[in-house]
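To start, the structure itself, in structure tokens.
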Amino acid sequence: MTVTNTQMPSTDRGHVGLAGVTRSEWTKFRSVRSTWICLFIIVLAGIGLSVLLTFIQAARWSQSSLQERATFDPVAFSQSGHFISQLVVGILGAMIITSEYSTGLIRTTLATVPKRFTVLAAKKIVIAVVILVVGEVTAFASFFAAQIILTAHGGTQLPAGASIVTQVKSASIPVVTIMSPGVLQAVVLSGAYLALLSILALGLGFIIRSTAGAISIFVGILLVLPIILNFFPSGFKNSVEPYMPSNLGIAMVVTTTRTTDWAGVLFTPWVAVLVLALYAAVFLLAGLWFLQRRDA
Amino acid sequence: MIDVKNLSKSYGKTRAVHDLSFTVETGVITGFLGPNGSGKSTTMRMIMGLDRPNRGTATINGKPFHEIKWPLREVGALLEAKAIHPGRSARSHLTSLAQTNAIPKARVDEVLDLVGLTQVANRKAGKFSLGMNQRLGIASALLGDPAVLLFDEPINGLDPEGIRWVRELLQSLARDGRTIFVSSHLMSEMALTATDLVVIGRGELIADTTVNNFIDSNTVATVLVRSSDSSRLNQVLAGLGGSITTQDDGSLLVTKIDGTQIGNAALSSGIAIHELSPQQASLEEVFMELTADSVDFHGTTNAKVTS
Ligand SMILES: Nc1ncnc2c1ncn2[C@@H]1O[C@H](COP(=O)(O)OP(=O)(O)OP(=O)(O)O)[C@@H](O)[C@H]1O
Ligand SMILES: [Mg+2]
């Protein structure tokens, strides 16, 4: 029985490295259908929900209160698809590692690399890059779709150089272009928000190992924590609120004045990016610690 | 070569492996035997750097797993057959493994062919039978053409033809000069396949020897005798120093004296011999006897019904 005919490259030089393991993780990622289903939902639900909510808001503009009109942000509102897509990002980010634990594949994976760190780093690269690309596509598509809908409902474009604040005080629906002040940054950060969440979810997956457990905690952090916070005294609540991951996401995409109902609740966009990146790093490092210390 | 030294591992209060030392030599098949829960899989996981021992070391060709530069190409392992994402095809699974260790793509098709999965290479592994999963696991172990191979129960779920295929594959791998370490529940299978043996019970070493030595040193030559007058022959043989057990059908199992002595004694006593056959103890029996004290979970065949 002949076992080998293929010419194998020499093992005298080099060692298993991040490039090869990242290629491997990319192969794993794209070779299961659940990946494509999740990515499809992120894009479709992201754009779909944004379009739907923008449409409803535009249609009832004439019945809206002055307060509502003054706080309407045509950019942040165009990104409201995050309600759904952020959850699917969490599922995908956690599952690329928890599915390995549930099937036992993790043992095969770890038997191919001398250093476990490489596996974590490779998975991080794959999920972060993919979600960043998909997140940006969703963000830009949602943005343009929303502005088209608002325009169709009688929205008026800002004069060049005017700030959004001026516009929202007027009676008509504000519409912005991608070149309006702060808009491009907000749309780009919208995609970045999802990418940072995917890293957080991946770290969570490495820590918890079970799919159901990791996803429950992810949903808890994103949706349940802010609700619980409402039961605390307002002093405490107000000081903690800006740190909620969901509020960091809003802070990244808001473009209107901070004298509206978001005042004090939100960090500035780049501080929000920094805080969320810090969360993601903490979860990922904790995941690495568990990966290296626990039996596979 | 695999070298295990003073390896110990506990999971909470469960002592899985205790002060285990043995070496697995190159160029032969070494069987790894032990009853359920005796620590075979745990030992293999520690050799592969997956579980961290509490004490002791395990090295492959002189290096602990984490110092091997190209693991797949130095040591291949089949640990769990089902350790595959059910939604991924066999080809994608093997491709992803190959990419980590810079193994050429052509090698993926080669191992698929070797284990006979070429036809179903693009089907989801979740649809595979246990035997097909086992073959895919073997393919992934062989992917890097490694000099050291570990197989944890590779014939689990295989049909007789598959079992023979694995046996021949292991033998051909050993002939190439590779180190083959294979665990199995089927002692009879090990007798056919392995040359060397490592036997453990309750996580401790019972024997580290060759299959032949193992049988020889643990069996007593026994002769089965049927005759025209069992009770008189019993007395005669006892007088010669034989140790005799009478079986239900009246035949005698005699140890300590051999067939020639039994035949001569019968002739001089005028007893007709109907059958005189030396009994070859199987590896199975030797193994059962030796590990009887160290079996954690005893099965019982005469379960009583309590009311
Ligand atoms: N990850 C684990 N956590 C807790 N206990 C474990 C773990 N792995 C093994 N054990 C325990 O360690 C002991 C040895 O188990 P192991 O699986 O190594 O035995 P084995 O010889 O492979 O058994 P089998 O022949 O049934 O496969 C058992 O008591 C088992 O319950
Ligand atoms: Mg086992």
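Residue-level check: of (1) surrounded by fewer than 21 Cβ atoms within 10 Å (Cβ to Cβ); (2) of a type in the set (Val, Ile, Thr); (3) under 26 Å from B:Thr59 (Cβ atoms), B:Thr118 misses just (3). Regarding segment B:121-136, can at least one residue be identified that is outside any helix (DSSP H, G or I) and within 16 Å of ligand 1 (Cβ to nearest atom)? Looking through segment B:121-136, none of the residues is outside any helix (DSSP H, G or I) and within 16 Å of ligand 1 (Cβ to nearest atom). The helices (runs of 4 or more DSSP H) found entirely in segment A:1-116 that carry 1 or more residues being more than 14 Å from chain B (Cβ to nearest Cβ) and of a type in the set (S, T, N, Q) are A:33-59, A:66-71, A:74-78, A:82-103. Within segment B:9-30, the residues that satisfy the criterion of being more than 16 Å from ligand 2 (Cβ to nearest atom) and closer than 23 Å to A:Ile106 by Cα are B:Ser10, B:Gly12.
Being more than 30 Å from B:Glu285 (Cα to Cα) and more than 7 Å from chain A (Cβ to nearest Cβ) is true for just one of B:Val120, B:Val28. Which residue is that?
Exactly one residue qualifies, and that residue is B:Val120.
From the list B:Gly76, B:Gly87, exactly one residue is facing chain A (nearest Cβ under 7 Å), small (Gly, Ala, Ser) and either open to solvent by less than 40 Å² (accessible area, probe 1.4 Å) or at negative phi (or both). Which is it? Show your work before the answer.
Details: B:Gly76 fails: facing chain A (nearest Cβ under 7 Å).
Of B:Gly76, B:Gly87, the one residue that is facing chain A (nearest Cβ under 7 Å), small (Gly, Ala, Ser) and either open to solvent by less than 40 Å² (accessible area, probe 1.4 Å) or at negative phi (or both) is B:Gly87.
A quick yes/no check of all residues on (1) part of a loop (DSSP other than H, G, I, E, B); (2) within 16 Å of ligand 2 (Cβ to nearest atom):
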| residue | (1), (2) |
| --- | --- |
| B:Phe32 | no, yes |
| B:Ser41 | no, yes |
| B:Arg52 | yes, no |
| B:Lys69 | yes, no |
| B:Leu72 | no, no |
| B:Ala83 | yes, yes |
| B:Ala98 | no, no |
| B:Asp113 | no, no |
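The set of residues from segment A:196-212 being touching a residue at least 40 places away in the same chain (Cβ under 8 Å) and open to solvent by 10 Å² or more (accessible area, probe 1.4 Å) comprises A:Leu196, A:Ile199, A:Ile207, A:Ile208, A:Arg209, A:Ser210, A:Thr211. Taking segment B:139-187 as the range and being open to solvent by less than 10 Å² (accessible area, probe 1.4 Å), more than 15 Å from ligand 2 (Cβ to nearest atom) and part of a loop (DSSP other than H, G, I, E, B) as the test, the residues that pass are B:Leu143, B:Gly144, B:Pro146.
The values are calculated or read from the model by the stated rules, or taken from the named source; none is laboratory data. Since the structure is predicted, the reported quantities are computational estimates derived from the model, not experimental observations. All Cβ positions, glycine included, derive from the backbone under ideal geometry; neighbour counts span all protein chains shown. For accessibility, only protein heavy atoms count, side chains too; no ligands or nucleic acids. Shrake-Rupley method; radii C 1.70, N 1.55, O 1.52, S 1.80 Å.
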